[in-house]
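**Q** The structure that follows is given in the form of structure tokens.
The values are calculated or read from the model by the stated rules, or taken from the named source; none is laboratory data. Just so it is clear, the structure is predicted and the values come from calculations on it, not from any experiment. Neighbour counts run over all protein chains shown; Cβ positions are idealised from the backbone, glycine included.
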Amino acid sequence: MRYKYPRTPHLPWSPGATIDDVRHISLKCFEGKNIVITEKMDGENTTIYSDYLHARSIDSRFHPSRSWVKSLQAQIGYQIPEGWRICGENLYAQHSIGYKSLPSYFLAFSVWDEQNHCLSWDESKLLFAQLGLDTPRELYVGPWDEHLVRSIVLDTEKQEGFVVRNTDGFAFSEFSQNVAKWVRENHVLSDEHWMHKPVVPNRLKEMSDEES
């Protein structure tokens, strides 16, 4: 079974939300929960299975920016339990933000089991470690605190936003009550879609280290 990654609702004060986006009207769903806030990366949402991978569209066509993550799937797919999937960001191609020191071209942010249940953040990180996968940078882990979340300041020339999620596991049907995002204003800075332009690879940290 293949699943399209759900649309993540914007936090009420997210400046990057458009009229077509989904927004949280109330944040009561986070009250009393522990959360993790991770940096939102400017890449392509990608899902990896034991025998398949796709971007947000399940029937993703070939694109040269997907060759690296396709190779990754071939390397780790046999270690992913049947019916499970790993979701993350394919960061090989530069979109609006050019990254110069990525730990990897794929940063994983969730694991879903055969019951379509999202594993807790700690359980997810254990599997990521086993597979040698990196995650987006953690900005905060702890109890929900709206004042704290509102106080997060990013360098919006280099960072697209952040994602809030419940650290506990949850069902696919409960996604919108457990995940939210803040996205910078005018986060798409080009009139031409990145897929229609020549692929410009982002840079890995190891590349920067070799040059320094």
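**Q** Any chance you could count how many residues in segment 158-184 are more than 18 Å from the chain's Cα centre (by Cα) and within 19 Å of residue 89 (Cβ to Cβ)?
**A** Total satisfying the criteria: 0.
**Q** Working only within segment 112-138, note down all residues that are in contact with an Asp or Glu (Cβ under 6 Å, 6 or more places away or on another chain) and either surrounded by 15 or more Cβ atoms within 10 Å (Cβ to Cβ) or of a type in the set (Val, Ile, Thr) (or both).
**A** Passing the criteria: 120, 136.
**Q** OK, next. Which one of these is among the hydroxyl-bearing types (Ser, Thr, Tyr), farther than 27 Å from residue 29 by Cα and at pLDDT below 95: 71, 104, 65?
**A** 65
**Q** Specify which of the listed residues (7, 56, 66) is among the charged types (D, E, K, R), part of a helix (DSSP H, G or I) and either on the phi > 0 side of the Ramachandran plot or under 16 Å from the mean Cα position of the chain (by Cα) (or both).
**A** 66
**Q** With the condition kept exactly as written, say whether any residue in segment 88-100 is over 26 Å from residue 183 (Cα atoms), of a type in the set (Lys, Arg) and over 14 Å from the mean Cα position of the chain (by Cα).
**A** no
**Q** Something else about it: So how many residues does segment 120-154 have that are within 28 Å of residue 204 (Cα to Cα), free of Cβ contacts under 8 Å to residues at least 24 places away in the same chain and not in a helix (DSSP H, G or I)?
**A** The total comes to 1.
Residue-wise test of (1) surrounded by 20 or more Cβ atoms within 10 Å (Cβ to Cβ); (2) touching a residue at least 40 places away in the same chain (Cβ under 8 Å); (3) touching an Asp or Glu at 6+ places or on another chain (Cβ under 7 Å); (4) not polar (S, T, N, Q).
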| site | (1), (2), (3), (4) |
| --- | --- |
| 56 | no, yes, no, yes |
| 61 | no, no, no, yes |
| 66 | yes, no, no, yes |
| 75 | no, no, no, no |
| 86 | yes, yes, no, yes |
| 91 | yes, yes, no, yes |
| 95 | yes, yes, yes, yes |
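**Q** Which condition breaks for residue 47 when tested against (1) more than 23 Å from residue 174 (Cα to Cα); (2) of a type outside the set (A, V, I, L, M, F, W, C); (3) not in a loop (DSSP other than H, G, I, E, B)?
**A** Condition not satisfied by residue 47: (1).
**Q** In this structure, is residue 37 within 21 Å of residue 156 (Cβ to Cβ) and either assigned to a strand (DSSP E or B) or among the aliphatic types (A, V, I, L, M) (or both)?
**A** Against the criterion (within 21 Å of residue 156 (Cβ to Cβ) and either assigned to a strand (DSSP E or B) or among the aliphatic types (A, V, I, L, M) (or both)), residue 37 qualifies.
**Q** Let me ask something else. Which of the residues that make up segment 133-169 are of a type in the set (Ser, Thr, Tyr) and within 30 Å of residue 76 (Cβ to Cβ)?
**A** Scanning segment 133-169 gives 135, 140, 167.
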